[in-house]
Each structure stands twice: as C-alpha cells, then as structure tokens.
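Have a look at this one before I ask anything.
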Amino acid sequence: MNFCSDNVTGVAPEIMAALIAANQGTAMPYGNDEYTQKLQTLFSELFETDVIVFPVATGSAANSLALSVITPPYGAIYCHNESHINLDECGAPEFYTGGAKLVAIPGEHGKFTSDDLALKLKNAGAGIVHHIQPAAVSITQATEAGTVYTVDEIRQIAEVTHAHNLSLHLDGARFANAVVSLGCTPAEMTWRAGVDILSFGATKNGAMAAEAVVFFNRKLAESFAFRRKRGGHLFSKMRFLSVQLEAYIKDDLWLKNAINANQMAAKLVAGLINLPGAKLCHPVDANEIFIQLPEVVIQGLFAEGFQLYRWEGEDSTTLRLVTAYNTKEEDVNALIKAAESYSVVLASR
C-alpha cells in the first residue's frame, strides 16, 4: 500500500475509457482536432467566463511556460520559499523565461501573506536599472505543505500584485483538492479573486498525463502558442491530452476524485494524530499529511509493507502521507491499525 504520493496511482477508469474511444479513427494534428477545439467551450463553462486554454503534458511545462509570458529575462517571480517552482522544477522557470529570478518569500505552512508580499515589493527596486524588475507572483493551491489559501487570502495577494502592475499565477497541481476543501466554485478561487493565469492540474487526480494552462486575462495568451511550440510541448497528437481533460471535468469527475482523496486524508490523520509521540506539522486541508511519528512506528509500518516517504531525509521521522482519488478506506484503516499496534509495543517498553 503506497502512500508516498498521488503520482503513484494509475489512470481513472473514466479517463482511460475516453482515451480508448479517442484512439479510434483519425484526427487533425497539433490541436486542430475536435477534442482540443471543444476545450475552449468546456473550460469557459467550468470557470463561468471566456478563457483561453492550452493543454500540456506536465506540471513543469504548465508552470514554466505560463510564467514565461508574464516575466521578462530581467524579471522577478515572487513565490513561497517551499513552492514547487522554487524547489522542484530543476530551473525550468528560469530556463523558459530566459533567465528570470525567483524571489522566495517565507511563510508558515506553505503560505505567504499579502503583507509579506507587499514588504518584498516595497524594497524591490522597481525602476532601478541595477535590480531585477518585479514581474509576477505565483502561489500554489493546494500548497506544498498540504494547506489551502482561502479565497480572501488569494484576493488580498491579488490586490497587492495588481497594485504593482504585476500578474498573478496560480500553480494548481492539486487544484481540485483545494476547490473541494474550500467548498467554493472554480471561478471564485481564480479570476473572481484576481488570478490571471492558472496551471490546472489533472495528472495527480486521475489523468494519465494532462495539465492545462488557463488564461483569464486573455491578452496574456498572445505569445503562449509560440512559446509552447518552441519549448517542445505542442503535441502532434494533441487529442490524447485534450480528451483526458474533457473526461476529467465531465460529470464532475475531477471533484469526485478529489473528494475521496481529501476524505481519506482526513480519516488517516484522525487515526494517527492521537498516537503517542505523534505530532502534526501542518494543518491538513487537502490530501497531504505531514506528521512526525516515533521511529519504531515508522519501521513497523515499513515492515508491514507500507510505502511511505520520509520528508526530510533518510533519518527523518517526519513523514509525508498522500491519499489519492482511488485510495481505499480499508487501506487507510490498515495503516492506522498497524501504527496503533507498534505504538502499543513502544508504550510497553
């Protein structure tokens, strides 16, 4: 039973069925197929406004190409110091922007505040030729700590961003989990709160390999098609990306999948938090749990065959546990039961 990541899962049956159906016959290449053309309407309906949407295959491509249209080579992208673009993109944002700099902002539980951002921008040296120039702000939803920005928090960050004539990007690798957590609409958490560009994730929540860059500020999309092609992410058989996204949002599959992931995370943390020596590192708002457990419990779980991720190195007792769209309740119960049994052994020593 693997709780290392939601990336370890297979493809949701509904999405696999859509891929098989799309595999019949021929379709025009490079996004001129019916599936890709339909996405513009489907995503505009989903977000309750006219958007421009571009399918890509990876989150790295979505984030980096999105940031490239709003950040010049001499620009600064403001992000959390633990954000994916800062720690886990292997320099892709810098590469695709032609050399822009990421400016990291610290903050508790994976989030920074509008005040944190305002202070950074106050001292950014805008207009001074010796300094990189503020260009973009990027926030992650849900965050790398498994927490979620509220709609008001996003709106406040957007107000500061736009007051400095910058653009706001939202990395939504776990966007569905955040929507479910907040109980809001996709529109409320994005353009109505001031988001300009969204990286809309699907892979972690049941797709095979499909993400989308969604432009709410349509003027910003003018160069994206060229940047996507130049960056090697214009698929010739684009229908196989687009049909995944169509199936993902059809009949609210994306929300149903996220509901299961979030519910299983809530059940899992409820079963672990009261164990002797357990300490929760961050609030559990979505489907990621960061928790410290005694080493004997961790070793016991490994011995029982559970696959777990030590978050801070091989000697760390901090685990990141991630539930997914297809995590089963019996597997969650089995992990809790095993952890309890080794906690009893520890207590008896």
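Could you tell me whether any residue of the stretch 122-129 is surrounded by fewer than 16 Cβ atoms within 10 Å (Cβ to Cβ) and on the phi > 0 side of the Ramachandran plot?
Scanning the stretch 122-129, I find at least one residue that is surrounded by fewer than 16 Cβ atoms within 10 Å (Cβ to Cβ) and on the phi > 0 side of the Ramachandran plot, so the answer is yes.
For the stretch 35-53, enumerate the residues that are touching a helix residue (DSSP H, G or I) at 6+ places or on another chain (Cβ under 8 Å) and either more than 15 Å from Met189 (Cβ to Cβ) or open to solvent by 80 Å² or more (accessible area, probe 1.4 Å) (or both). Before the answer, list the steps.
Kept after step one, since they are touching a helix residue (DSSP H, G or I) at 6+ places or on another chain (Cβ under 8 Å), are these residues of the stretch 35-53: 35-36, 38-39, 42-43, 46-53.
Residues satisfying the conditions are Tyr35, Thr36, Lys38, Leu39, Leu42, Glu48, Asp50, Ile52, Val53.
May I ask you to verify whether Ala104 is over 17 Å from Gln141 (Cβ atoms), surrounded by fewer than 24 Cβ atoms within 10 Å (Cβ to Cβ) and either modelled with pLDDT under 95 or of a type in the set (A, V, I, L, M) (or both)? Steps first, answer last, please.
Numbers: over 17 Å from Gln141 (Cβ atoms): yes; surrounded by fewer than 24 Cβ atoms within 10 Å (Cβ to Cβ): yes; either modelled with pLDDT under 95 or of a type in the set (A, V, I, L, M) (or both): yes.
It is true that Ala104 is over 17 Å from Gln141 (Cβ atoms), surrounded by fewer than 24 Cβ atoms within 10 Å (Cβ to Cβ) and either modelled with pLDDT under 95 or of a type in the set (A, V, I, L, M) (or both).
Looking at Ser60, Ser64, which is the one that is in contact with a helix residue (DSSP H, G or I) (Cβ under 7 Å, 6 or more places away or on another chain), crowded, with 24+ Cβ neighbours inside 10 Å and within 17 Å of Val214 (Cβ to Cβ)? Please lay out each step first, then the result.
Working: Ser60 fails: crowded, with 24+ Cβ neighbours inside 10 Å.
On inspection, the qualifying residue turns out to be Ser64.
Please work out which residue is surrounded by the fewest Cβ atoms within 10 Å (Cβ to Cβ), limiting yourself to the stretch 215-234 and to residues that are free of Cβ contacts under 8 Å to residues at least 60 places away in the same chain and part of a helix (DSSP H, G or I).
The extreme case among them is Lys219.
While we're on this one: Can we say Met1 is open to solvent by 10 Å² or more (accessible area, probe 1.4 Å), closer than 30 Å to Val332 by Cβ and touching a helix residue (DSSP H, G or I) at 6+ places or on another chain (Cβ under 8 Å)?
Values: open to solvent by 10 Å² or more (accessible area, probe 1.4 Å): yes; closer than 30 Å to Val332 by Cβ: yes; touching a helix residue (DSSP H, G or I) at 6+ places or on another chain (Cβ under 8 Å): yes.
When the stated conditions are applied, Met1 passes them.
Let me ask something else. Can you name the condition, by its number, that Ala187 falls short on among (1) in a helix (DSSP H, G or I); (2) crowded, with 24+ Cβ neighbours inside 10 Å; (3) among the aliphatic types (A, V, I, L, M)?
With (1) in a helix (DSSP H, G or I); (2) crowded, with 24+ Cβ neighbours inside 10 Å; (3) among the aliphatic types (A, V, I, L, M) applied to Ala187, the lone miss is (2).
The values are calculated or read from the model by the stated rules, or taken from the named source; none is laboratory data. Quantities reported herein were computed from a predicted structural model and do not represent experimental measurements. Note that we place each Cβ from the backbone using ideal geometry, even for glycine, and neighbour counts take in every protein chain shown. Just the protein is used for accessible areas: all its heavy atoms, side chains included, with ligands, DNA and RNA removed. Shrake-Rupley method; radii C 1.70, N 1.55, O 1.52, S 1.80 Å.
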